[in-house]
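Remarks on the structure that follows.
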Amino acid sequence: MEWNKEPSPRGEGSLFFIHCSINIMRIEVDGIKISRIWLYILPVVLWVALIFHFSSQSFQEQTIQPFLQRHFNENKLREILPDITIHFNHRAISAKLAPFDFIEFIFRKSAHLFIYGMLALVFYITSKPLRLRMAYRVVWALTAVTVVASIDEWNQLSSFQRTGTPRDVIVDLAGGAICLVIGLSIGRGLSRIRAKLKRS
């Protein structure tokens, strides 16, 4: 930001006219250009907006059971699926007794793991301009996931036929942790490969 002070043409004693010329491409924060900072912020905004879009939908808008009922035979699914019963949020979901409910439950929780896993990675990557240690960036990403997941569950309480539960926050946090471990492992592996290629 540059400030240019020029005397007013009205003569001595008059106020100075202050001209502020701003060039967005030249403004830097801790060495990172504003234009580049937006490249870090935008993915976070878009991904969080996507999460709250889904959480604002009703159960009927999200359920995959009509699709399952059209394309799969319930009795055949009972034969294929293992005899597993999952207890979650005061519900017993049996693969044999209610195969469609069981598949939808697995699908929904897998979606939670993926969506919040990606959110954790996005938050981790966007913390790069802060120049923090890796451990601090991981804590930052998981804290952000916990906050967003908690607000998401609260938002679901106002959606028709949706129920928010703290257990889903734990699932979301687990998804974030898993994706961070996978992402950091891949990143380290690629760094080692690049280092070997440079030495060769």
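The values are calculated or read from the model by the stated rules, or taken from the named source; none is laboratory data. Here the structure is a predicted model, which means the values were calculated and not measured. Backbone-built Cβ (ideal geometry, glycine too); neighbour counts: all protein chains shown.
Some observations on this one:
- The range 144-165 residues that are among the aliphatic types (A, V, I, L, M), paired with ones that are modelled with pLDDT under 80 (beta carbon under 7 Å, 6 or more apart): L157/G164
- Cross-chain or 6+ apart pairs with Cβ under 9 Å, the range 32-45 first and within 19 Å of A141 (Cβ to Cβ), then at pLDDT below 70 and surrounded by 14 or more Cβ atoms within 10 Å (Cβ to Cβ): Y40/I32
- Close pairs from the range 82-98: first farther than 15 Å from D168 by Cβ, partner acidic (D, E), Cβ under 7 Å, at least 6 apart: A95/D83; K96/D83
- Some residue of the range 88-97 being closer than 22 Å to I151 by Cα, surrounded by 12 or more Cβ atoms within 10 Å (Cβ to Cβ) and at pLDDT below 95: yes
- Counting only residues that are at pLDDT 65 or above and surrounded by fewer than 13 Cβ atoms within 10 Å (Cβ to Cβ), the range 154-166 holds 5 of them.
- Hits in the range 171-195 (condition: in contact (Cβ under 8 Å) with a residue 12 or more places away in the chain and not hydrophobic (A, V, I, L, M, F, W, C)): D172, G175, G176, G183
- Residue identified as more than 30 Å from H71 (Cβ to Cβ), in a helix (DSSP H, G or I), out of contact with any helix residue (DSSP H, G or I) (no Cβ under 9 Å at 6 or more places or on another chain) and not polar (S, T, N, Q) among V147, V122, V138: V147
- Within this structure, L77 passes the test of being over 31 Å from the mean Cα position of the chain (by Cα) and touching a residue at least 24 places away in the same chain (Cβ under 8 Å).
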